[in-house]
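One structure is given here, and the rest of the page talks about it.
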Amino acid sequence: MLINDLIAKSFNDERLSQKEIVSLLELPPSSSETYRLFAASRELSARLSDNHAEVHAQFAINLAPCPKNCMFCSFAVKNGIFKGSSKISPEDAVTAALTFEQNGANAIYLMATASFDIAEFCDYGKDVRSRLKPESRLIANVGDQEIAGAQRLKDAGFDGVYHALRLREGSDSEINPDLRLQSIRAFREAGLIVGTCVEPVGPEHSNEELADLILFTAAQQPAFSGAARRIGIDRKSVV
């Protein structure tokens, strides 16, 4: 199928097949077809969002080795990058959130490692929520939760969560993929909006894998979705 046909299909709100998505992923980066696809994507995104952008900003509540051992994560215990644990004060969390808000962010993300206590995390959320503008979104980026944890987040003032079924979940991580899906359902049941992403994309992932996860994220009907590549870090810069 020609690129124009696939673009027209998307503008008609028709779901692309896995084979069609693979054909788009196979386009050469600098081809005219790719630039046509970029332009169409930008137009469709502007149409769906009424040409209004959100500015998302995230900071970490804690730094610690994480026992979930995701191969692609610098916090994984087995990667040996982060040795000790630390956390910021509630006052510093409020200051960071307000600084982001004052600089134009309208969605503030609080992030913690997967084993961070959810009750303590929610206490941070309550402090931050009490100081943000009512219209600012407060989003949690935390480990998997059952309905009780999800409800804690909602009660603490969080509007939503970022949660993703990552590429090769269960083989490149020690997290059962079903647990990720159960968490997404719990978040929704608690009344939280859910954003997700196709991530962390690396050179080892085939176009077929990427297409499968694109279709999965679309099927979840998230508040937003996108793609994130894996970014290497310099071990010398980690303290």
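Annotations for the structure displayed:
- Tally, over segment 115-126, of residues that are at pLDDT 95 or above and either open to solvent by 40 Å² or more (accessible area, probe 1.4 Å) or not in a helix (DSSP H, G or I) (or both): 5
- Complete set of residues in segment 55-82 that are more than 19 Å from Ser115 (Cβ to Cβ), free of Cβ contacts under 8 Å to residues at least 60 places away in the same chain and open to solvent by 30 Å² or more (accessible area, probe 1.4 Å): Val55
- Just one residue in the set Leu179, Leu165 is aliphatic (A, V, I, L, M), part of a loop (DSSP other than H, G, I, E, B) and open to solvent by 10 Å² or more (accessible area, probe 1.4 Å); that residue is Leu165.
- Filter result for Ala156 (over 24 Å from Cys197 (Cα atoms), surrounded by 17 or more Cβ atoms within 10 Å (Cβ to Cβ) and more than 12 Å from the chain's Cα centre (by Cα)): yes
- Qualifying residue in segment 26-38 (condition: crowded, with 16+ Cβ neighbours inside 10 Å and part of a loop (DSSP other than H, G, I, E, B)): no
- Residue pairs meeting the criteria (Cβ under 8 Å; at least 6 apart or on separate chains; first over 14 Å from Lys126 (Cα atoms) and at pLDDT 95 or above, in segment 83-99; second surrounded by 13 or more Cβ atoms within 10 Å (Cβ to Cβ) and among the β-branched types (Val, Ile, Thr)): Lys87/Ile61; Ile88/Ile61; Ala96/Ile88
- Residue in segment 185-201 that is farthest from Gly232 (Cα to Cα), counting only those that are open to solvent by 20 Å² or more (accessible area, probe 1.4 Å) and either in a helix (DSSP H, G or I) or of a type in the set (D, E, K, R) (or both): Glu189
- Qualifying residue in segment 25-47 (condition: farther than 23 Å from Asp212 by Cα, among the aliphatic types (A, V, I, L, M) and within 23 Å of the chain's Cα centre (by Cα)): yes
- Residue pairs meeting the criteria (Cβ under 8 Å; at least 6 apart or on separate chains; first farther than 15 Å from Ala218 by Cβ, in segment 1-13; second open to solvent by less than 40 Å² (accessible area, probe 1.4 Å) and acidic (Asp, Glu)): Met1/Glu20
- Selection of first residues in segment 130-152 that are open to solvent by less than 30 Å² (accessible area, probe 1.4 Å) and of second residues that are charged (D, E, K, R) and modelled with pLDDT under 95, restricted to Cβ pairs under 7 Å at least 6 apart or on distinct chains, gives an empty result.
The values are calculated or read from the model by the stated rules, or taken from the named source; none is laboratory data. Note that the structure is a prediction, hence the values are computed from the model and not measured. A quick note on method: Cβ atoms are made from the backbone with ideal geometry, for glycine too, and the neighbour counts reach across all protein chains shown. SASA here: full protein model, heavy atoms, side chains in, ligands and nucleic acids out. Shrake-Rupley method; radii C 1.70, N 1.55, O 1.52, S 1.80 Å.
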